[in-house]
Amino acid sequence: MPAVLFDMDGVLVDGEPLHFAALNEILAEEQVQLDMAAYQRYMGTTMMHTWTDLRERYGLSRDFEYYRERYDEAVMTQYRTQAQPMAGARSLLDRLQEADVPRAVASSSNRAWVETALSALGFRDDFQAIVAGDEVRQGKPDPEIYLTAAAKLGAEPARCTVIEDAPAGIESGRRAGMRVVAVRTEMTQGLELDGASRIIDSLEEFDLQWLDEGCRADA
């Protein structure tokens, strides 16, 4: 039986603009602001990676714990008040449920963020498994998170299709031995999405027949 493993931000929820706003809200305290090009290097990575790199790159004055707490608060507020579903997300989840295809979320965000975002969108009950960034030892592009999600579903990696929007996540899915469908969003227009079996502009384009065809590029 095939299974579908979803990244969250940029795939299910239009989360990257929320993270971008939250991050710049905190950086403004130290007169630092990131443009979109600078922010994109952090897409799909963990909070630990993001703020460790930001502290080193921009010489931020406070310790990691301060930024972790402030960012956690800001992102949770954004999810609760501003979260919007990505186009086609609700209809694809409904189609997968009707076809009895197992579904999981594998997100670099921490568990509290994932639960908050999915609940805000009414998506929480659509997934049989969730694996968050704070529940694995190695974040994307390491394959651990997708292998863990597949194991929770009882699915063979080779039978899993990953839906991603960022290079780190695409690499994670590929290294897990899974097929990857990349969704190109407004936030990822300038990124190379190499390694995906297919690239689509919306989840509305996702064809369930791809699950049986192996998402071959020439299918």
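The values are calculated or read from the model by the stated rules, or taken from the named source; none is laboratory data. The structure displayed is predicted, hence computed values, not measured ones. Virtual Cβ from ideal backbone geometry, glycine too; neighbours counted across all protein chains shown.
The set of residues in the stretch 167-189 being crowded, with 24+ Cβ neighbours inside 10 Å and either within 12 Å of the chain's Cα centre (by Cα) or at positive phi (or both) consists of Gly169, Ile170, Ser172, Gly173, Ala182, Val183. Only one of the numbered conditions (1) crowded, with 18+ Cβ neighbours inside 10 Å; (2) more than 30 Å from Ala155 (Cβ to Cβ); (3) at pLDDT below 95 is not met by Thr46, and that is (2).
Looking across the stretch 116-127, the residues that are outside any helix (DSSP H, G or I) and either touching a Lys or Arg at 6+ places or on another chain (Cβ under 6 Å) or hydrophobic (A, V, I, L, M, F, W, C) (or both) come down to Phe123, Phe127. Can you tell me which residue in the stretch 154-176 is farthest from Met36 (Cα to Cα), limited to those that are of a type in the set (A, V, I, L, M) and in a helix (DSSP H, G or I)? My answer is Ala158. When each of Val105, Val75, Val101, Val32 is tested for being closer than 30 Å to Asp125 by Cβ and outside the structural domain of Thr116 (by TED's automatic domain parsing), the lone residue that passes is Val75. Reported count of residues in the stretch 35-76, each being free of Cβ contacts under 8 Å to residues at least 24 places away in the same chain and β-branched (Val, Ile, Thr), is 1.
Against the numbered list (1) over 15 Å from the mean Cα position of the chain (by Cα); (2) over 17 Å from Thr46 (Cα atoms), Arg137 comes up short only at (2).
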